[in-house]
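See structure below.
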Amino acid sequence: QVQLVESGGGLVQPGGSLELSCASSRIIFSMNDMGWYRQAPGKERELVAHITTGGSTFYADDVKGRFTISRDNAKNIVYLRMNSLESDDSAIYYCNKPFGRLPWGQGTQVTVSS
């Protein structure tokens, strides 16, 4: 079974930074478009950032300029670098293919609070 493993979340103060990682032993990320999603309590899961096999990136408007999605092909890891974090960024973060085509992983909790 395909498994996506997210890590790197934690508690950070407003204005701080975190880097999330997504790993898989079954999916070769360089051959697949991948995205980072998040779900806050009481809200639907939303796409935050997306990277294509060619390296093109897309960002949701509210994270543009603050978040960066990248991929390390040698390590087969997709990263999400998050800077200037705000309380509204608090959520569980997940990685997946477009439209959530793979089974969702456990996600990693990001809490932005002073």
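The values are calculated or read from the model by the stated rules, or taken from the named source; none is laboratory data. What you see is a predicted model; the values in this text were computed from it and never measured. All Cβ positions, even for glycine, are placed from backbone atoms using ideal geometry, and neighbour counts span all protein chains on display. What goes into the accessible areas is simple: the full protein's heavy atoms, side chains included, and nothing from ligands, DNA or RNA. Shrake-Rupley method; radii C 1.70, N 1.55, O 1.52, S 1.80 Å.
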Euclidean distance between Cα centres, region 15-61 to region 79-114, Å: 8 Å
Spacing of the two label points (7 Å from each Cα toward its C-beta) at Ser17 and Asn73, in nm: 2.5 nm
Solvent exposure of region 3-114 as accessible area per residue, Å², 1.4 Å probe: 53 Å²
Dimensions in Å of region 11-111 - Rg and Dmax from alpha carbons: 12.8, 37
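Shape call for region 64-111 from the C-alpha gyration tensor, a ≥ b ≥ c root eigenvalues: rounded (a/c under 1.5), prolate (a/b greater than b/c) or oblate? Could the numbers behind the result be given before it?
Working: a/c = 2.02, a/b = 1.26, b/c = 1.61.
It comes out oblate by the Cα gyration axes.
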With every protein chain in place, the chain: carbon and sulfur % of accessible area (1.4 Å): 46 percent
Low-density loop cleavage sites - trypsin sites (Lys or Arg not before Pro) in region 58-114, where at most 11 other Cβ are within 10 Å (DSSP): Lys64, Lys75, Arg101
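Per 0.36 nm of contour for each residue apart, how much would the distance between Ser114 and Gln3 grow if the chain were fully extended, relative to their Cα-Cα spacing?
On the way: separation 111, 0.36 × 111 = 39.96 nm, distance 3.34 nm.
So the extension gain works out to 36.6 nm.
Mind checking the full-extension length gain between Asp88 and Ser30? Use 0.36 nm per residue of separation minus the Cα-Cα distance, one decimal, nm. Display every interim value, and only then the final one.
Working: separation 58, 0.36 × 58 = 20.88 nm, distance 3.04 nm.
Fully extending the segment from Asp88 to Ser30 adds 17.8 nm.
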Taking the chain and dividing mean pair separation by its residue count, relative contact order in percent (alpha carbons under 8 Å, at least six apart): 37 percent
